[in-house]
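The values are calculated or read from the model by the stated rules, or taken from the named source; none is laboratory data. On a predicted model such as this, the values are computed, not experimentally measured, just so you know. All Cβ positions, glycine included, derive from the backbone under ideal geometry; neighbour counts span all protein chains shown.
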Amino acid sequence: MMSDKIREYIEQRFLIEFDESFPEDTDLFKEGVMDSFGYVQMCRFLEKEFNFRFSEQEMTGNVLTSLIRIREYVVQKTAQDVAGLGASVQSG
């Protein structure tokens, strides 16, 4: 499942465990879990795993700070890509 892959990546990469004391809406930057280098690596993982590309604007303008925001973004991004693919297949 998509959300399980994202959660597993974050927990393994940043050595944390989401639970009652560290909920999924925790800001990973404010808690010192993720820095800009880790953020870029996570974005590259998401691109590879879910087959989409971040634009520079998306990467810097919509900073994904929590597991919940990351999941929501990936769902939205993959849905847009699927919708766009369907439109291009119909027109081609």
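Taking only the range 7-22 into account, find how many residues are in contact (Cβ under 8 Å) with a residue 60 or more places away in the chain and either in contact with a His (Cβ under 7 Å, 6 or more places away or on another chain) or not aliphatic (A, V, I, L, M) (or both).
So the answer is 1.
So residue 38 ticks every box in (1) surrounded by 14 or more Cβ atoms within 10 Å (Cβ to Cβ); (2) in a loop (DSSP other than H, G, I, E, B) but one. Which box is left unticked?
(2)
Residues that are modelled with pLDDT under 95, loosely packed, with under 12 Cβ neighbours inside 10 Å and in a helix (DSSP H, G or I): does the range 44-57 have at least one?
There is at least one residue in the range 44-57 that is modelled with pLDDT under 95, loosely packed, with under 12 Cβ neighbours inside 10 Å and in a helix (DSSP H, G or I).
If I ask for residues that are out of contact with any Phe, Trp or Tyr (no Cβ under 7 Å at 6 or more places or on another chain), in a helix (DSSP H, G or I) and either more than 16 Å from residue 44 (Cα to Cα) or among the β-branched types (Val, Ile, Thr) (or both), which ones from the range 62-79 would you list?
68, 69, 70, 72, 75, 76, 79
Among the residues of the range 51-79, which ones are over 19 Å from residue 28 (Cβ atoms) and in contact (Cβ under 8 Å) with a residue 12 or more places away in the chain?
Result: 51, 52, 78.
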